[in-house]
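Note sheet for the following structure.
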Amino acid sequence: MTHRLIGLIFLAGAVALLAGCGTVTPKAYEQAEPRFVLEDYFLGKTKAWGIFEDRKGQVQRQFVVEITGAMDGDELVLTEDFVYADGEVSQRIWRVRRIDEHRYEGRADDVDGVATGESYGNALYWSYILRLPVGDDVYNVRFDDWMFLQPDGVLLNRARMSKFGIHLGEVTIAFQKVE
């Protein structure tokens, strides 16, 4: 093995180690108000408006989502009906279950495995692998979502999309309860 290859391996390991050191955890928001309780917020009707930006920051898609939330035993069932600016429509149905005071898990047909969430204060961190159709192909893309409840009842969501650790883009969504 050459010294150059050894140096590259060492550098890659150091970068990976440093990247893990700066990670914010949901517990950092433990004292933030108003307190966000996922199953309380999403019961009933909610509307959301969102955009998808590519890795360069250019908006590629815009959409509106109508969400209906209902309890089914110990699960929150969220039916999300998406309408994109180009006329495409889609639906995702989440089944979310509270594990303990701070942790959630969820499933949806286009999610690979189980989504995991952790909530403290006004924040929820939600992580999952989405099977994302692009043309005739389907890619497994990691979503790392941060949701923050605002004092006026608006819920802001910022989701980072990546594959193999490479940043692909971001989704930004604003949710508002429908009376």
Fluctuation leader among L132, L156, L76 - the chain, Gaussian network, Cα springs under 10 angstrom: L132
Nearest-ten-degree value, helix 3-21 long axis tilted from longest Cα axis of the chain: 30 degrees
Read-out Rg/Rh (Cα atoms, Kirkwood Rh), derived from the coordinates shown; its label in [x] 1.39; [y] 0.97; [z] 1.02: [z]
Residue-by-residue Karplus 3J(HN,Hα) for the stretch 54-67, coefficients 6.51, -1.76, 1.60, Hz, glycine and proline x: 6, 5, 8, x, 8, 5, 9, 8, 10, 7, 10, 10, 9, 10
Stretchable slack from A85 to D152, in nm (0.36 nm times residue separation minus alpha-carbon distance): 21.4 nm
Descending semi-axes in Å of the stretch 93-179, equivalent ellipsoid built from Cα gyration tensor: 23, 16, 13
GNM result for the chain, Cα springs below 10 Å: residue of N157, N122, N140 fluctuating most strongly: N140
Calculated from backbone phi, Karplus (6.51, -1.76, 1.60) coupling profile of the stretch 145-154 in Hz, x at Gly/Pro: 9, 10, 10, 9, 7, 9, x, 8, x, 7
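Rule-based calculations on the coordinates, nothing more; no lab input. Worth saying up front: this structure is predicted, and the values here are computed from it rather than measured.
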